[in-house]
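The values are calculated or read from the model by the stated rules, or taken from the named source; none is laboratory data. In this text, all values refer to a predicted model and were calculated from it rather than measured experimentally. Don't worry about glycine lacking a Cβ; one is built from the backbone with ideal geometry, like all the others, and counts go over all protein chains shown.
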Amino acid sequence: MRVFLYWNLHRKCWSVKALSGPDKGRVVQHCNNFDIIDAEFRVSEAGRQRVLREKRKNVHAGVVGTLAGTEAVVADGVEVSYNPYRSGYFFRRSDGAAVARATRVVGNGRCVVVQGELQ
């Protein structure tokens, strides 16, 4: 199932929003861990500008891909992050380089690791 995952500030976990099927557009579950295949990192520039203008967070960035599971997975790879006050894209924590796509993205709590980075 294609989904959009984003960090839920109120529940302190990941919200999984369906992008297809009968529940399209709805949050179908919450989880602490995730495994996404064929992932794309998305940031709405309009939403980011609203954050910068209002100094208040909103849902405008996340990961789109095929949900492979929500179990804890030990992952080796490159840790990525996002900060709307720093940049308008997801970036590698090690060197700040932009990350747009990956073959696999694994999340364990707030830690997000990319495996097989494409861009």
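As for segment 17-37, it holds no residue that is free of Cβ contacts under 8 Å to residues at least 60 places away in the same chain, surrounded by 13 or more Cβ atoms within 10 Å (Cβ to Cβ), under 16 Å from residue 113 (Cα atoms) and out of contact with any Gly (no Cβ under 9 Å at 6 or more places or on another chain). What strands (runs of 3 or more DSSP E), lying completely within segment 30-91, carry at least 1 residues that are aromatic (Phe, Trp, Tyr) and under 15 Å from residue 14 (Cα atoms)? Ranges flagged: 33-43. Each residue in segment 48-67 was checked for being crowded, with 16+ Cβ neighbours inside 10 Å and either touching a strand residue (DSSP E or B) at 6+ places or on another chain (Cβ under 6 Å) or on the phi > 0 side of the Ramachandran plot (or both), and 6 pass.
The set of residues from segment 1-29 being in a loop (DSSP other than H, G, I, E, B) and in contact with a Leu (Cβ under 6 Å, 6 or more places away or on another chain) comprises just one member, 1. Kindly indicate whether residue 70 is touching a Leu at 6+ places or on another chain (Cβ under 7 Å) and either surrounded by fewer than 16 Cβ atoms within 10 Å (Cβ to Cβ) or at pLDDT below 95 (or both). Answer is no for this residue.
Quick check: anything in segment 104-112 in contact (Cβ under 8 Å) with a residue 12 or more places away in the chain, farther than 22 Å from residue 1 by Cβ and in contact with an Asp or Glu (Cβ under 8 Å, 6 or more places away or on another chain)? Within segment 104-112, one or more residues are in contact (Cβ under 8 Å) with a residue 12 or more places away in the chain, farther than 22 Å from residue 1 by Cβ and in contact with an Asp or Glu (Cβ under 8 Å, 6 or more places away or on another chain). With respect to (1) surrounded by 17 or more Cβ atoms within 10 Å (Cβ to Cβ); (2) out of contact with any Pro (no Cβ under 8 Å at 6 or more places or on another chain); (3) under 18 Å from residue 83 (Cβ atoms), the lone exception for residue 45 is condition (1). Scanning for something among the β-branched types (Val, Ile, Thr), free of Cβ contacts under 8 Å to residues at least 60 places away in the same chain and closer than 17 Å to residue 110 by Cα, does segment 42-58 turn up at least one residue? No, every residue in segment 42-58 fails to be among the β-branched types (Val, Ile, Thr), free of Cβ contacts under 8 Å to residues at least 60 places away in the same chain and closer than 17 Å to residue 110 by Cα.
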